[in-house]
Amino acid sequence: MKDEPKELQELRHRLGEIRDLHRASAVLSWDQQTYMPPGGAVARAEQLATLQRTAHVWFISDEIGQLLEALRAPAAEWDYDSDEASLVRVTLRDYEKARRIPPALVAELARASTLAYEAWTKAKAAADFAIFLPHLEKIVDLNIQIAEALGYQDRLYDALLDQYEPDMKTAQVATLFENLKAELVPLVKTIASQTRLGNDAILRRPMDIQKQWDFGLAILRDMGFDFNRGRQDKSVHPFTTAFSIDDVRLTTRLDPNYFPTALFGTIHEGGHGLYEQGLAKTLERTGLDDGASLGIHESQSRLWENLIGRSQAFWYHYFPRLQQMFPEQMGDVDFEDFYQAINAVKPTFIRVEADEVTYNLHIMIRFELENDMLERRVHIRELPEAWNAKMEEYLGIVPPNDALGVLQDVHWSGGMLGYFPTYSLGNLYSVQFFDQAKRDISGLADQIATGHFSELLDWLRQNIHRHGRKYTPAELVARVTGNELTAKNYIDYIKQKFGELYAL
Ligand code: ZN
């Protein structure tokens, strides 16, 4: 834009400084989870709290509000898709939301979460929900207050979900989940009655972790991850973070006795990393230099991990290489056996270990129970029973204790309700995007089967990555696929792939 209004220049300047604080927090928390010695924990918590508090105070300042007000009317005349109009539109939405939550409430949730996290680790170790119960009650109360402060029209949950998936409504998620459930629950029961693919022993042969690391790096390079603008390190829980568009950090975890942990974890985080590296440079330091939502971010990791990394085509190229690298463990393994093993479907207690078919059922349980807690349909002390009943209904298994049941995930102890659906939304978006990519790129399957991903990556960059947070998830899905988000593509994909695998 020629002759940028001075308010826009000033807004950019202030948002740039705020973004610097967020990126600096990212450096500190990346270090905390990779190289920091345990002794650094107490001081690091203070440093992070200071940076985050400062960023929040700067952002909700009256000055930012005045700049946004001055720009509201002129920006409405600018091209909707321009960086300038998007910056004003998205920042106004962020600002109005951030101003609605009283700082004291933010601080109280932060304090409650610190205590809840400690209690949760103890409760999980002891498989004793009672230790966590008073903390979860507090977290739910505070989340209700936050939802009331943010405001909502229909469901209390709308306000919480909106923090992670802008403009997504509870009713829409519930409909998508009902559609999924109607197909997946019977499918899981049919598959569970078979004994065909239960054996994953070939994946549990010990493998040198350095070689596992090298194999993963080679795949990341082939995917197009730029190591001049990023790197990979090790952490207990794999994650991706970015210090700028040109400095993206992946982490992975290596298990000497189960190589899929590192392999699929690396591909998954690589998908997140490609998104961060693919953001338009013009968005750097604006606050729009991030994924459109958690669900859209997860769509990028799931696309690479599942739709590519667990596909037959991908392994046509990589299986001979895997055999070459690990002749003792893989030399005698048949291609079909390998493909079946990495796609074995089996109801399990733990969400993060779940396969593509059962995974979303784990998410539905959390989504339904979160709503039941927030709308007071379930007493929180009765949550373990409610959890186990849903596990039995959807997956046909009952956890033997709460560590393998209601206590397994960290999210609630971190104060987060409304987060879980974004994992399933990511799965749905991923298939809908990928189906569009298949229509747009002729010969995509052949490219994947020969280890060529550049055309796909260009497509993702052009259609999704470069936009950052300019569009809401619904706007982005409509732009890319011409449709709204649906469960249909995902259901068709699952039925086709696992129908073949299980000869259904
Ligand atoms: Zn992810």
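The values are calculated or read from the model by the stated rules, or taken from the named source; none is laboratory data. Every value quoted in this text rests on a predicted model; they were computed, and no experiment measured them. Ideal geometry is used to build each Cβ from the backbone, glycine not excepted, and the neighbour counts take in all protein chains shown. Quick note on the areas: whole protein, heavy atoms, side chains included, nothing else; ligands and nucleic acids left out. Shrake-Rupley method; radii C 1.70, N 1.55, O 1.52, S 1.80 Å.
One table, with the values for the structure above:
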read-out	value
Net charge contributed by nearby residues that have their C-beta within less than 15 Å of residue 207 (K/R +1, D/E -1)	-1
Within the range 194-249, chymotrypsin sites (Phe, Trp or Tyr not before Pro) in DSSP loop having at most 12 other beta-carbon neighbours inside 10 Å	227
Computed P(r) (all Cα pairs; the chain; 10 Å bins; percent)	4, 17, 29, 29, 16, 5, 1
Residue-wise HN-Hα coupling along the range 378-393, computed from phi with Karplus coefficients 6.51, -1.76, 1.60 (Hz; x: Gly, Pro)	10, 6, 5, 5, 9, 4, x, 5, 4, 4, 5, 5, 5, 4, 5, 5
In sequence order, calculated HN-Hα J values of the range 248-261 (Karplus, 6.51, -1.76, 1.60; Hz; x Gly/Pro)	10, 10, 10, 10, 9, 10, 10, 10, x, 10, 7, 5, x, 3
Efficiency of FRET between residue 410 and residue 77 - r from beta-carbon atoms, R0 51 angstrom, step 0.05	0.65
The range 38-135: chymotrypsin sites (Phe, Trp or Tyr not before Pro) in DSSP loop, at most 15 other beta carbons within 10 Å	80
Extended-chain gain in nm, criterion 0.36 nm per residue less alpha-carbon gap, residue 105 and residue 137	10.0 nm
Whole-angstrom gap from the range 124-143 to the range 430-504, using each part's C-alpha centre	39 Å
Linear extension gain, residue 398 paired with residue 236, 0.36 nm per residue minus alpha-carbon span	55.6 nm
Cut-off 11 Å between beta-carbons: net charge of the residues surrounding residue 133, Lys and Arg +1, Asp and Glu -1	-2
Unsatisfied cross-links (Cα-Cα over 21 Å) in the set 181/497; 189/495; 169/189; 438/495; 181/346	169/189
Distance in nm between pseudo-label sites at residue 462 and residue 495 (7 Å out along the Cβ direction from Cα)	3.2 nm
Residue-span extension gain [residue 454 to residue 115] - 0.36 nm each, minus C-alpha spacing	117.4 nm
Computed [θ] at 222 nm, deg cm²/dmol, the chain (DSSP H ≥ 4; -39,500 (n - 2.57); rounded to nearest 500)	-20000 deg cm²/dmol
Rounded percent of accessible protein surface that carbon and sulfur make up, the chain, 1.4 Å probe	52 percent
Solvent-accessible heavy-atom area per residue, rounded to whole Å², over the chain at 1.4 Å	43 Å²
Label-point separation in nm, residue 210 to residue 13, each point 7 Å along Cα→Cβ	5.3 nm
Per-residue HN-Hα couplings for the range 276-284 [Karplus 6.51, -1.76, 1.60; θ = phi - 60°; Hz; x = Gly/Pro]	4, 6, x, 5, 5, 4, 5, 8, 3
Low-density loop cleavage sites - GluC sites (Glu not before Pro) in the range 432-504, where at most 14 other Cβ are within 10 Å (DSSP)	484
Spin-label pair residue 46/residue 32, simplified geometry with 7 Å Cα→Cβ offset, distance in nm	1.4 nm
